[in-house]
Structures are given as C-alpha cells and as structure tokens.
Amino acid sequence: MSLTKRDLVTVDDLSNKEIESIFSLADQMSDTLYEQSEVCKGKIMASLFFEPSTRTRLSFEAAMHRLGGNVITAMDVKATSLAKGESIADMARVIGSYADIMVIRHPWEGAAKVAAEYAGIPVINAGDGGHEHPTQTLCDLFSLKKEKGAIDGLNIALCGDLKYGRTIHSLTYALARMGASIIFCPGDGYEIPDYVVKKLTEEYGGELRKIAANDVPSLAGVVSGDKAELDALYLTPSTPHQPALLTDIGMRVDLKQGVDALYVTRLQKERTNTSDDDVKKSYPVIDKKTLKGKEFKETLVMHPLPRVDELAYEVDSDPRSIYFKQAARGVPVRMALISMLLGAKNIEMPDVEAGKASPPIYQREFGARCHNPNCAAVHEARYIDPKFAIVNFKPLTLRCVYCERETQPKYMASTKWHQGTIENKLYHNVQSHLLAKIDTSNMLFFESEEDAKAHGFKPSRFAEKGKKGGTDQ
Ligand code: CP
C-alpha cells in the first residue's frame with residue numbers, strides 16, 4: 001500500500017494506518033528538518049490559494065522548499081484566467097502539465113475534487129468552502145498524539161462555528177474513526193450540520209446523545225446562551241462500522257474524567273451574513289476564567305488559527321495552550337505528506353482491510369441535482385453532470401459526491417422504460433415498491449412530476465403517494 005500519486009481531497013482518502021505512517025515520517029522529518037533538501041529535488045508544487053491563508057499556504061510552501069523542491073503560486077482568482085471564465089477543469093489540466101503536485105484552496109465546496117478529476121497529478125485540498133480541510137486535521141491529530149500519546153479514548157470538545165468550520169468537519173470524521181468521543185459546543189446558530197452528523201452516525205458507527213450541560217459544568221459556560229443540553233458523539237464498538245477506517249474503536253468514555261482537548265474555532269464570517277454585533281453577543285469566548293473548571297485541568301487548548309475574539313490572548317501563556325505548536329507542526333506534517341504523494345518517500349504499509357462496499361454512484365445529465373449553491377459541481381455545471389452516492393434507499397437519499405449535501409428526489413423511472421413500447425415510459429413515486437425492482441444502473445430520479453414529464457415520462461399508477469395502487473406505505 002502506498003500513497004504515491006494519490007489525492008487528498010477528504011480526510012476519508014486516508015485510512016487510520018496511512019495517517020499513522022504520515023505521522024511517523026513527519027516525526028523523522030521534524031528531527032532532521034535541514035537534511036531533507038534532496039527528497040523532492042527537481043519537483044514543482046503548484047500552490048493555488050483562492051481564499052486568504054497564512055498557515056496552510058506558507059507551511060506547504062516552506063515544506064516544499066525544505067524538501068528541495070520548487071513552488072509556483074497563484075493567490076488570487078482575479079490574477080488567473082478563472083477571472084476570464086476559465087473552468088477549474090481546464091485550469092487543473094494545464095497546471096497538471098506544469099507541476100508535479102497541486103495544493104488548492106477555493107471557496108466552492110468540492111472544488112478540490114473537481115481539480116483532482118482533471119489534473120493528472122496528486123491534488124491536495126487546502127480547504128474547499130465550508131466543507132473540509134484535511135491537512136489541518138493531520139496537524140491537529142499529530143498534535144493530539146504528541147501531547148496525549150493516542151487519540152483512542154480521548155474526550156474532545158469542539159467549540160464555536162461547527163456549521164461552516166471546515167477544519168471541524170474533517171476533524172470530527174477522523175476523531176470518530178480513531179475512537180475519540182466528541183462533545184459539540186456550538187455558538188448559537190452554528191451547530192454541526194445534519195449531513196456531518198448523519199455521516200458520523202450512519203457510516204462511522206457513532207452514537208449521538210444529548211448530555212446535560214451540567215454533567216460537564218465548565219462546558220456549560222462555553223456554549224452560548226443558556227443551553228441545558230449538549231450533543232455528544234460516542235463510538236460504540238457494537239455498531240457496524242467500516243473495518244478499513246475503524247481499526248481502534250474505543251469504549252465510551254466517562255465524561256467525568258474531564259475534557260482532553262478544547263478545540264476552539266472562529267466564526268467563519270466570510271460564509272455568513274451575520275452582523276458583527278449579533279455575533280459578539282452570542283459567540284462563545286474562551287478565557288482564563290473558562291479554563292478554571294475542574295474538567296479543564298488537563299485540557300489542551302487547540303485552535304486551527306487564525307483567531308479573532310473567541311480565544312483571549314491571556315490564555316497564550318497557559319501551558320495548556322498548544323495552538324502555536326499546532327501551527328508549527330504543519331511544516332513536518334506537510335513535508336511528509338508531499339513526499340509520500342510524490343513517491344519520494346515510501347513507508348511500508350499493510351494493505352487496508354476490506355471495508356464496507358462503497359454505495360452505488362448515480363450520475364445523469366438531467367433529473368436530480370445538488371441544491372447547494374456553493375457546490376463546485378453546481379458552479380461548473382457546464383461540464384459536470386450531477387453525481388451522487390445513493391446512501392440510502394428508504395428513504396431514498398442521494399449525497400452529492402462533490403459537496404456531500406444530501407437530496408431526496410421524489411420520483412423515479414427506469415432507463416429500460418421502452419421494453420418495446422412508448423406506453424411504458426412511466427415514472428413512479430420513489431416510495432413505491434418498484435424502486436427495489438429497478439437495477440441501480442438503470443435508475444433515473446426526478447425532483448418533481450414536471451421534471452419527469454419534461455423528459456417525456458408519464459405518471460404510472462405508482463406515481464402518487466396515497467392513491468389506490470400508488471405507493472405501498
Ligand atoms: N488553519 C488555517 O487553515 O489557517 P490559514 O487560513 O491561515 O491557512
């Protein structure tokens with residue numbers, strides 16, 4: 001098993017064992033930072049940052065320089081031909097012929113996946129809108145492991161903007177897979193999105209429970225407003241899971257043992273329309289007083305940075321604060337990642353155990369579509385057909401493969417409609433028993449009856465829910 005020529009678009013592109021192997025190389029490299037200048041000699045990294053960045057861009061670039069490679073950079077959409085209407089696909093194809101590896105940050109969710117589909121070189125997602133930021137998660141996990149020895153069994157509280165915080169989304173998936181328990185402490189209105197929770201519970205075998213805020217009194221002070229309850233996600237070993245991802249499932253952890261890390265995040269103001277005053281009133285702030293609680297005695301204070309007002313400067317000198325160490329570790333972690341994706345370093349890894357089969361993929365140029373206006377596939381619809389994983393049949397649920405938002409189309413048909421006669425070009429309600437009879441490769445999904453009719457289909461007696469002969473609910 002090797003990481004050579006692979007992409008890193010989502011944290012799920014790496015198994016737990018692969019993450020461990022990146023960390024052992026990062027450890028070696030951080031001890032010998034100045035002795036790595038031959039590792040990627042002659043290689044070029046394209047560094048494309050179409051949103052502001054200090055840490056991710058500069059640590060990637062520093063990493064490539066330390067490895068002896070070269071860097072080409074674009075930092076502003078307006079300074080590239082994207083501003084003239086060029087597609088991400090064309091840009092990626094061209095850059096793929098100039099560079100050996102690409103790092104891309106873009107405001108659209110799924111943009112790195114689009115780039116990866118066309119570049120022909122390894123592509124690393126450095127943040128795609130409010131979706132994911134997998135290399136920040138590598139830095140976070142690396143820090144947790146260094147400070148606490150292991151991830152399995154830790155209690156991690158995530159605080160602040162859990163809705164738009166891409167670092168939060170990638171981190172929750174990895175923590176859940178590695179056996180940590182997660183306590184969600186969102187700012188008011190910035191709760192963890194349903195699509196993230198669904199993935200955690202339905203795919204990773206997590207169990208979401210409400211806990212009384214006064215079970216962890218110090219955390220009750222962290223959440224904004226007078227919340228009586230917090231959401232906590234536990235992993236339970238009895239729940240079915242993907243063996244490839246969940247190699248070390250921890251038992252449910254007793255919250256009374258305290259919080260191992262408090263991961264603080266700023267409000268992603270650039271993704272909301274909220275006014276400064278509204279936010280200041282309700283957004284949680286971590287300061288010395290917060291950290292006095294007994295649950296925080298051994299707590300690491302973490303932050304992906306940049307910080308704004310949510311973490312008081314007075315906490316910087318507290319030995320529990322590790323956010324600047326977390327940022328510094330970005331260089332060796334990214335050195336390890338780049339050199340492994342380029343095939344310049346290989347660590348022997350056992351083959352990943354066979355996991356749960358991937359859900360069937362549904363892609364059509366018409367019918368069901370993604371409703372996330374910030375999805376890269378929606379923006380680039382001129383050449384990308386809507387593409388979904390069929391993650392559930394009852395109720396029928398499609399997940400966009402680019403931004404992971406879900407949609408539940410109401411009507412279906414089969415591409416094998418003709419069977420010799422035009423009269424058989426019929427559509428049905430997805431709640432009908434016919435859904436189970438159509439081969440997934442022949443399925444067609446429509447959002448509305450108008451949509452189905454516009455494509456020449458007529459209603460069958462199973463089109464209407466509740467009608468005689470209709471859906472069998
Ligand atoms: N943590 C992080 O992504 O920081 P930058 O936005 O500065 O890259």
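What fraction, in whole percent, of alpha-carbon pairs in region 116-205 exceed 23 Å separation?
Above the 23 Å cut-off, region 116-205 has 25 percent of its Cα pairs.
Along Cα→Cβ, 7 Å out, is where each label goes; now give me the distance between the ones at SER2 and ASN273 in nm to one decimal.
5.1 nm
In degrees from 0 to 90, rounded to the nearest 10, what is the angle of the helix 55-66 Cα long axis to the longest principal axis of the chain?
Rounded to the nearest ten degrees, it is 70.
With n ≥ 4 as the cut-off for DSSP H runs, can you work out [θ] at 222 nm for the chain, using -39500 (n - 2.57) per run divided by the number of residues, rounded to the nearest 500?
-7000 deg cm²/dmol
Can you give the percent of C-alpha pairs in the chain whose distance is more than 37 Å?
The proportion of pairs with Cα distances above 37 Å equals 32 percent.
Quick check: residue separation of LEU33 and LYS17 times 0.36 nm, minus the Cα distance between them. What number comes out in nm?
3.4 nm
Exposure proxy check: ILE19, ILE384 ranked by fewest other beta carbons within 10 Å?
ILE19, ILE384
Which longest uninterrupted range of the chain lacks any chymotrypsin sites (Phe, Trp or Tyr not before Pro) assigned by DSSP to a loop state (not H, G, I, E or B) and surrounded by at most 16 other Cβ atoms within 10 Å?
99-365
For GLU202, GLU109, what ranking results if the residue with the fewest other Cβ atoms within 10 Å of its Cβ goes first?
GLU202, GLU109
Can you tell me the FRET efficiency between ILE72 and ARG382 if r is taken as the Cβ-Cβ distance and R0 is 25 Å, rounded to the nearest 0.05?
Given R0 = 25 Å and the Cβ-Cβ separation, E is 0.40.
Helix 330-341 sits at what angle to the longest principal axis of the chain, using alpha carbons and giving 0 to 90 degrees rounded to 10?
For 330-341 against the chain, the angle is about 50 degrees.
How far apart, in nm, are the 7 Å Cα→Cβ label points at ALA357 and GLU207?
Result: 2.9 nm between the two label points.
So how compact is region 361-459: Cα radius of gyration and Dmax in angstrom?
13.3, 42
Where does helix 16-31 land angle-wise versus the long Cα axis of the chain, in degrees 0 to 90, nearest 10?
30 degrees
Please arrange ARG334, ARG105, ARG6 by counting, for each residue, the other beta carbons lying within 10 Å of its beta carbon, fewest first.
Fewest to most other Cβ atoms nearby, the residues stand as ARG6, ARG105, ARG334.
Over the Cα atoms of region 345-414, what is the Rg over Rh ratio if Rh follows Kirkwood?
1.12
What percent do you get for the relative contact order of the chain when only Cα pairs under 8 Å and 6+ apart count?
Normalised by residue count, the contact order of the chain is 15 percent.
Cα gyration tensor of region 34-79, axes a ≥ b ≥ c as square roots of the eigenvalues: rounded (a/c below 1.5), prolate (a/b > b/c) or oblate?
Since a/c reaches 1.5 but b/c is at least a/b, the shape of region 34-79 is classed as oblate.
Since every read-out is calculated from the coordinates, none of them should be taken as a lab result. Quantities reported herein were computed from a predicted structural model and do not represent experimental measurements. Methodologically, a virtual Cβ is constructed for each residue, glycine included, from the backbone with ideal geometry; neighbour enumeration extends over all protein chains shown.
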